[in-house]
Amino acid sequence: MDKNKKIKIEKNGPYRVSGNIPLEKEFVVPDENNNPLSWQKGEKYKTEEEYCLCRCGKSQNKPFCDFTHQKIEFDGTETASKEDYKQQAENISGPGMDLMDASNLCARARFCHRHGGTWDLTAKSDDSKSKKIAIEEACNCPSGRLTAINKKTGEPIEPEFSPSISITEDIPAKASGPLWAKGKIQIEGADGSSYENRNRQTICRCGKSSNKPFCDGSHIENKFDDKV
Ligand code: FES
């Protein structure tokens, strides 16, 4: 973990990103049934060593902050647990793999819906095809709610990410999605204490999550659109 790479949450304000963290668009690609299937990268943003990303959802210069949070008196109070993932997650055992599930981290990205769902696939993971799809689905979960676990070693199966932030767009849900912080970027709360460094984390940029700073899927019912 590179301690210089950090997302600092400003009290009732933006995310202050430091350490030259790359920023790019990333789109949810649906399958023929409009279920999320994979991710596709989009444009890269030109950024400085430090930049501020909108957290209230109302900037006229998204994804960057333009101080609209002050005008609208944004309440960005953090409500998420600072417990480690292992403490928050339920352990689900399958014949060929295990699954960890921390449901309160769900960003409703829905990669877990295909082929009967990741939980059913885990239950059938003595079948190699079911196991392969369950691992793919868990690895595509942007919030890291779901983690596939190697049955033999007990180790998590994680996609390899270097530190970066994606501005997600959920095409099948017709909504702009959260910021996807990848590669164990440190997230520091407004009170100076940090959340656990996880490989995959989704943080709210619509301003409506009830689990701030993390996304709870509220951008979908609020039809968050980041076009200004
Ligand atoms: S971006 Fe998902 S709840 Fe705000």
What does the convex hull of the Cα atoms come to per residue for the chain, in Å³? 115
Starting from the Cα coordinates of the range 122-228, work out the convex hull volume and express it per residue in Å³. 136
Go ahead and run the numbers for FRET between LYS132 and LYS174, Cβ-Cβ distance against an R0 of 25 Å, rounding to 0.05. 0.25
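What is the calculated FRET efficiency for LYS227 to ASP66, with r their C-beta to C-beta distance and R₀ = 22 Å, to the nearest 0.05?
Working: r = 15 Å, r/R0 = 0.67.
Once rounded, the FRET efficiency stands at 0.90.
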Would you mind getting me the FRET efficiency between LYS46 and LYS3? Use the beta-carbon distance for r and R0 = 25 Å, nearest 0.05. 0.50
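Enter the accessible area per residue of the range 118-189 (Å², integer; probe 1.4 Å; all protein chains in place).
Numbers: 3030 Å² over 72 residues.
Result: 42 Å² per residue.
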Between GLU196 and LYS86, what length in nm is gained on full extension when 0.36 nm per residue of separation is reduced by their alpha carbon distance? 38.6 nm
For the chain, longest principal axis from Cα atoms; helix 128-140 axis from its Cα atoms; angle between them, nearest 10 degrees, is 10
Using Cα centres only, tell me the gap between the range 123-162 and the range 15-57 in whole Å. 23
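Distance check, please: which entries in LYS41/LYS82; LYS46/LYS82; LYS131/LYS182; LYS8/LYS152; LYS46/LYS86 exceed 28 angstrom between their Cα atoms?
Numbers: LYS41/LYS82 30 Å; LYS46/LYS82 32 Å; LYS131/LYS182 24 Å; LYS8/LYS152 38 Å; LYS46/LYS86 36 Å.
Too far apart for the 28 Å limit: LYS41/LYS82; LYS46/LYS82; LYS8/LYS152; LYS46/LYS86.
The values are calculated or read from the model by the stated rules, or taken from the named source; none is laboratory data. Nothing here was measured: the structure is a model prediction, and the numbers come from that model. Glycine gets a Cβ as well: all are built from the backbone with ideal geometry, and neighbour counts include every protein chain shown. Calculation scope for accessible area: heavy atoms of the full protein, side chains included, ligands and nucleic acids excluded. Shrake-Rupley method; radii C 1.70, N 1.55, O 1.52, S 1.80 Å.
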